[in-house]
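The structure appears right after this line, and notes come after that.
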Amino acid sequence: EALWAGGLKGVAAKNLFDVEFWGNSLKDGSAYLNQVAEPNSVIWVPMAQQVAREYLRPDLIITQLPPASQGTSLQPRPTYLMAFNRYSMLATQFGIHTNLYRIINSQTPIFTISRQNTIILWIFKLQP
């Protein structure tokens, strides 16, 4: 039972287990991006890109790769980051000292999805 850990918020804060596993929140996040993203925007989706691809507009470009210091024709610079709160994958795949963590911990998201006062998905508009 999660009550001993402080509910979902306590579990997330203590990284006891993933609060979003399959990326279900990507559907609602994609609906938001479909409304606000400029045509042909590049969306950085670090996990479960295939899920986001099902729901994002066809003109939006999905990349799993983090932003390069300078965009190239092979890896255009992303305009948005859409990531869900799956700590085990965030920590193991990307590490806590990466751009992904820096963005999540230092920038203000333009959209979030929360359950029980816990963010399960962030969307950030990235600086050019």
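The values are calculated or read from the model by the stated rules, or taken from the named source; none is laboratory data. Just so we're clear, the structure is a prediction, and the values are computed from it rather than from any experiment. Cβ atoms come from the backbone with ideal geometry, glycine included; neighbour counts cover every protein chain shown. Calculation scope for accessible area: heavy atoms of the full protein, side chains included, ligands and nucleic acids excluded. Shrake-Rupley method; radii C 1.70, N 1.55, O 1.52, S 1.80 Å.
Points worth noting:
- Contact annotation: residue pairs with Cβ atoms under 7 Å, 6 or more positions apart or on different chains, pairing a residue in the stretch 34-54 that is more than 14 Å from Leu81 (Cα to Cα) with a partner that is open to solvent by 40 Å² or more (accessible area, probe 1.4 Å), are Pro39/Asp59; Asn40/Asp59; Asn40/Ile61.
- From Gln70, Gln93, residue being at pLDDT below 70, open to solvent by 70 Å² or more (accessible area, probe 1.4 Å) and not in a loop (DSSP other than H, G, I, E, B): Gln93
- Number of the exception - Glu54 against (1) surrounded by 12 or more Cβ atoms within 10 Å (Cβ to Cβ); (2) modelled with pLDDT of 60 or more; (3) farther than 21 Å from Leu126 by Cα: (1)
- Hey, Asn15 open to solvent by 30 Å² or more (accessible area, probe 1.4 Å), modelled with pLDDT under 70 and more than 15 Å from Thr79 (Cα to Cα) or not: yes
- Residues that are at pLDDT 90 or above and either open to solvent by 20 Å² or more (accessible area, probe 1.4 Å) or charged (D, E, K, R) (or both) within the stretch 22-48 comprise Lys27, Asp28, Ala31, Tyr32, Asn34, Gln35, Val36, Glu38, Pro39, Asn40, listed in sequence order.
- Across the stretch 50-61, the number of residues qualifying as in a helix (DSSP H, G or I) and either touching a Pro at 6+ places or on another chain (Cβ under 9 Å) or under 12 Å from Ser25 (Cα atoms) (or both) comes to 3.
- Enumeration of residues in the stretch 96-125 that are modelled with pLDDT of 90 or more and surrounded by 13 or more Cβ atoms within 10 Å (Cβ to Cβ): Gln107, Pro109, Ile110, Phe111, Thr112, Ile113, Leu121, Trp122, Ile123, Phe124, Lys125
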